[in-house]
1. Do the conditions hold for residue 12, that is, is it loosely packed, with under 11 Cβ neighbours inside 10 Å, at pLDDT 95 or above and either over 31 Å from the mean Cα position of the chain (by Cα) or in a helix (DSSP H, G or I) (or both)?
2. Select from the range 82-112 the residues that are in a helix (DSSP H, G or I) and surrounded by 12 or more Cβ atoms within 10 Å (Cβ to Cβ) and write down the one among them that is farthest from the chain's Cα centre (by Cα).
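The values are calculated or read from the model by the stated rules, or taken from the named source; none is laboratory data. Being a predicted model, the structure only gives us computed values, none of them experimental. Cβ atoms come from the backbone with ideal geometry, glycine included; neighbour counts cover every protein chain shown.
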């Protein structure tokens, strides 16, 4: 009996270590995903800063009577703004932490109605 209790205790400790390792791995993967988003955003920003002046030069050199460069400036600029909002987790429409709150709410609701599982 004591051997069984000792075995269960050691398995419980291993389970805690495994859970801790899993949590660390999840944090690492989330941080790595955030770094990839940052790299994508910075690449987009650098391209914007290089291409837009080039388009302005082309517009003013070859067709100065119509300023069409404003279309890519605002179009790409809006895309860049949305990319920044996604990268830095800024959402003025749904508020800070809305997604986490909604996930918790749905999980709690599922737990309440599916207690038998």
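1. Details: loosely packed, with under 11 Cβ neighbours inside 10 Å: yes; at pLDDT 95 or above: no; either over 31 Å from the mean Cα position of the chain (by Cα) or in a helix (DSSP H, G or I) (or both): yes.
So residue 12 does not fit the description; no.
2. Among them, the one singled out is 101.
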